[in-house]
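**Q** Pasting a structure below so you can have a look.
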Amino acid sequence: MLITAGVDVGSTQTKAVLIDDSRAIRASAIIDTGGHISKAAERVFDEVLSTGGLCRKDVSCVVGTGYGRFKVQFGDIQITEISCHAKGAVFLFPGTRTVIDMGGQDAKGIRVGLNGEVDDFVMNDKCAAGTGRFLSNASETLNLTLDAVGELSLRAERPVRLSTVCSVFVESDIMAYLAQGKKVEDILAGVNSAIAARTIALVRRVGIVPEVTFTGGVSRNIGMIRALETKLGMPLNVSPQSQLVGALGAALWAMEHAESAVRS
Amino acid sequence: MPKAIHQGLIHDLQKNLMSHYYEKLTRAAETRQEKSAWMLISGNPVELVRAFGFLPVYPEVNALQLGVRKQALPFILKAEERGYSMDNCAYVKADVGLYFSGLKAPFATIPEPSLILCNYVGCGVYLQWFEHLAEYTNAPIFNLDIPTVRPSASEGLQGKTQAGTAADHSNAADQRYVMRQLEELIAVCERITHRDFDEAKLRRIMEFSRETGELWAQIKAMTRTVPSPFDAFFDAVTMMGPLYCLRGTEECLDFFRAVHREMTERVEQRICPLEEERFRIVIEGPPPWPFLRTFRDLFSKWGAVAVASTYSTVGGLWEFGFRHDPDRPLESISEHMLQYNLTNRSFLQRYEQIRRYITEWNADALIIHSVKSCRLFSAGQGDMREYFSKELGIPTLLVESDLEDPRYFSEAQMRNRVDAFFESLAHRKSVRDREAGTC
């Protein structure tokens, strides 16, 4: 049986997935990336191998993806997270035609062809507005954990309208609303709404075709899922493994390479 | 990884020519014996200025020389200290910073201007740049007001227009208007140089330009062959130095004769700038000068060769038929200024030019490099991307950095986009090849 791995080194977190040749996920792991990218890749790989009860020699091919893909020194191939997210999203939801991915510093839209190939893509440029960083800055200002943001924002009654989508200046905007006595949940709903609007404007450049699959760390935020669905007027595919989609896609690419090597 | 393996003799020749050009400028700055005219690249009347013996100086070229040597930032910061905004054109700031550094660039000293000739008014920032320079240097300024070429009402996007046969878009009144201004310019040049206008000399200069244009057009047509003998973006910028700084001289013509010989041999021997030409691309927009090599490597890695580029036509559009005409000197110069340079053309005409490149040069994809500090040139590129990718179905990648300011270049972001784009192109190509049974 062939086993392959995908290691997705993101700006905030590093993820790894092991799959076998029946395309079943054997194990997964997520750690914080920190300052040492190569070490993060090594650590997450060791962790996923340990969880899966495997050792390095059992793995036929490793694909590195994410910004740190060239630092996955044990990797056999590097593939961008755009190709990997498309692959992973179509695997989880075969009807996927558009992927919205929101990570720590990236927001991207990918239009996927009928066979899971990338038809077009667009990413945020030179600005972290509308990414996970915006959310984490907002939650830090409100002294909340990131995981609390989603549920709390759903309790909003009168969401505020943020005047900025700048990840730095959002702090002063939030302070101004707090000074006006606005409720935390209304502010959070405003934060989600601002990011959703910016992301949708970005993704519209490639054309939003259903089904839409939402991936990346921010997809854990239920408030963001609802904000995107409301603005788009359509439901989103969101997997409990959506944070792992990049690593899963990398593992799937690795499996294709491993199988093709076996064939030849 | 395919690397650029054959840079060719032309690069050495160009280096020598440009060194001589800058040595000449330095000598002129030191001796103050020669008159210099500061001009812009876009469709300029350098032939006319040369006829009076002015040494042409191009602040844009000086700025890009700072950029490509990774020396622009201190000059940009110097201009920002004086109040130029972060969002201002980085060429302008690098050049203004150079002025306030005593015109001493690390590669040359630039002579003070005897004439500031603003020959392109399509960019309001450029107009003000030259007005600022005139104020700083106290040199006389002459603004040539060149009407922008507008597509006619009947002009559509697909196939109805012919880029390069734009004579009908610019009416006779526009041409008379420009020629009248050239006559005024002649009088100004006579006053500054104390020389009478010598039409025979102008005709001789025009003949050099005519032959140079002819060779350049033939050289650019060679990239239609597979594999392309040179990269029509990264190698074309090498040829653009002599084309713009030395056009109208024998040494420029000799350079293009040498380029023509070398490229003809490369076509015959099927020599490509990369080990393997996997993708043929068209590039729109200028290069990020401070990261030229890095930018080139991003494409070389994928075996992508530019077979055409719009940037190589910013100073003149020769490949679709224009030639300087020694028998009609002023008419021909005004045609060049009005119709036959990229920047004086509308966005729709730019679309058409690119569409022709993709079709006639048999390209696989379009790459748009957008310039952060130039909204004039970049503002419509979002629509351009939509038009080519959605309406014409041509794989199109838009990336953004800057032509001069290194602070806008993020290598990781750029690499990610370029890699993802070519991953998908490579995937599509392999699927196509599989279906066609070629692999």
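**Q** If I model chain B as equal point scatterers sitting on the Cα atoms and use the Debye formula, what is log10 I(q)/I(0) at q = 0.07, 0.13 Å⁻¹?
**A** Cα-only, vacuum Debye calculation for chain B: -0.33, -1.22.
**Q** Cross-link candidates for A:K39: which lysines have Cα within less than 30 Å, leaving aside residues fewer than 8 places away along the same chain?
**A** A:K15, A:K57, A:K71, A:K87, A:K108, A:K126, B:K301
**Q** Next question, about the same structure. Provide the percentage of antiparallel DSSP beta bridges, counting only those with both residues in chain B; round to the nearest 5. Could the numbers behind the result be given before it?
**A** Working: 3 of 26 bridges.
Just about 10 percent of them are antiparallel.
**Q** What's the angle, to the nearest 10 degrees (0 to 90), between helix A:245-263's Cα axis and the longest principal axis of chain A?
**A** For A:245-263 against chain A, the angle is about 20 degrees.
**Q** How tilted is helix A:222-232 with respect to the longest principal axis of chain A? Cα atoms for both, answer in degrees (0 to 90, nearest 10).
**A** 80 degrees
**Q** Can you find, among A:V112, A:L146, A:A156, the residue farthest towards the positive end of the dipole of chain A? Put +1 on the C-beta of Lys and Arg, -1 on that of Asp and Glu.
**A** Comparing the listed Cα positions along the dipole, A:A156 ranks first.
**Q** Can you compute the helix-only [θ] at 222 nm over chain B? Use -39500 (n - 2.57) per DSSP H run of at least 4 residues, normalise by all residues, nearest 500 deg cm²/dmol.
**A** Mean residue ellipticity at 222 nm (helix-derived): -15500 deg cm²/dmol.
**Q** Given 20 °C and 1.002 mPa s, compute D for the protein assembly as shown with the Stokes-Einstein relation, Rh being the Kirkwood radius over Cα pairs; round to the nearest whole µm²/s.
**A** Answer from the Stokes-Einstein relation: 77 µm²/s.
**Q** Further, regarding this structure: Where q = 0.14, 0.20, 0.22 Å⁻¹, what log10 of I(q)/I(0) comes from the Debye formula for the stretch B:1-142, counting one point per Cα?
**A** With no solvent term, the Cα-only Debye profile gives -0.68, -1.28, -1.48.
**Q** With the dipole of the protein assembly as shown worked out from charges on the C-beta (+1 for Lys and Arg, -1 for Asp and Glu) around the Cα centre, which of A:P210, B:A436, B:V267 lies farthest toward the positive end?
**A** Comparing the listed Cα positions along the dipole, A:P210 ranks first.
**Q** Give me B:V46, B:V188, B:V314 ranked fewest to most by other Cβ atoms within 10 Å of their Cβ, as a rough exposure proxy.
**A** Least to most surrounded, the residues fall as B:V188, B:V314, B:V46.
**Q** What translational D, rounded to a whole number of µm²/s, comes out for chain A from Stokes-Einstein when the hydrodynamic radius is the Kirkwood one over Cα pairs, at 4 °C and 1.567 mPa s?
**A** Estimated via Stokes-Einstein, D reaches 69 µm²/s.
**Q** State log₁₀ I(q)/I(0) for the stretch B:37-107 at q = 0.16, 0.22, 0.23, 0.25 Å⁻¹ as given by the Debye formula over alpha-carbon point scatterers of equal weight, solvent excluded.
**A** Result of the Debye calculation: -0.57, -0.90, -0.95, -1.04.
**Q** Still on this structure, please answer the following. Cα atoms only: what Rg and Dmax, in Å, come out for the stretch A:95-238?
**A** Rg, Dmax (Cα atoms, Å): 14.9, 52.
**Q** Quick one: dipole size for chain B, taken about the Cα centre, charges +1 on Lys/Arg Cβ and -1 on Asp/Glu Cβ, in debye to the nearest 20.
**A** Numbers: 52 positive and 59 negative charges, 148 e Å.
The dipole of chain B has a size of about 700 debye.
**Q** Still on this model: Of B:V49, B:G380, B:Q218, whose Cα points farthest to the positive end of the dipole of the stretch B:9-436 (charges on the beta-carbon: +1 Lys, Arg; -1 Asp, Glu; origin at the Cα centre)?
**A** Going by the charge dipole, the pick is B:G380.
**Q** Right, here's the next one. Show me the GluC sites (Glu not before Pro) within the stretch B:1-76 that DSSP assigns to loop and that have at most 14 other Cβ atoms within 10 Å of their Cβ.
**A** Hits after loop and neighbour filter: nothing returned.
**Q** Pull up all non-local amide H partners of A:V112: gap of 5 or more, or a different chain, and H-to-H distance under 5 Å with H placed in the peptide plane.
**A** Counting only residues 5 or more places away or on other chains, the set is A:T98, A:V99, A:D119.
**Q** Evaluate the charge dipole of the stretch B:157-316 about its Cα centre and quote only its size in Debye, nearest 20, assuming +1 on the Cβ of each Lys and Arg and -1 on the Cβ of each Asp and Glu.
**A** I would put it at about 320 debye.
**Q** Quick one: compute the contact order of chain B, relative version, from alpha carbon pairs under 8 angstrom and 6+ residues apart, as a percent.
**A** 21 percent
**Q** Another question about this same structure. For every helix of n ≥ 4 consecutive DSSP H residues, a contribution of -39,500 (n - 2.57) applies; sum these over chain A, divide by its total residues, and give [θ] at 222 nm rounded to the nearest 500 deg cm²/dmol.
**A** -13000 deg cm²/dmol
**Q** For B:H20, B:H369, what's the fewest-to-most ordering of other Cβ within 10 Å of each Cβ?
**A** Working: B:H20 12, B:H369 24.
Least to most surrounded, the residues fall as B:H20, B:H369.
**Q** Among the listed pairs B:K78/B:K104; B:K70/B:K104; A:K182/A:K231, which have their C-alpha atoms separated by more than 18 angstrom in this model?
**A** Distance filter (> 18 Å) returns A:K182/A:K231.
**Q** In degrees between 0 and 90, to the nearest 10, how far off the longest principal axis of chain A does helix A:37-52 point, with axes built from Cα atoms?
**A** Taking the Cα atoms of chain A, the angle to A:37-52 is about 70 degrees.
**Q** Another one. Do any trypsin sites (Lys or Arg not before Pro) in the stretch A:1-74 lie in a DSSP loop with no more than 16 other beta carbon atoms within 10 Å, and if so, which?
**A** A:R23
**Q** Sticking with this one: Looking at the stretch A:102-152 from every direction and averaging, what is the projected area of its Cα convex hull in nm²?
**A** That works out to 4.7 nm², a quarter of the Cα hull's surface.
Each reported figure results from applying straightforward, stated rules to the coordinates on display, with no laboratory input. For clarity, every value in this text was computed on a predicted model and none was experimentally measured. Cβ atoms come from the backbone with ideal geometry, glycine included; neighbour counts cover every protein chain shown.
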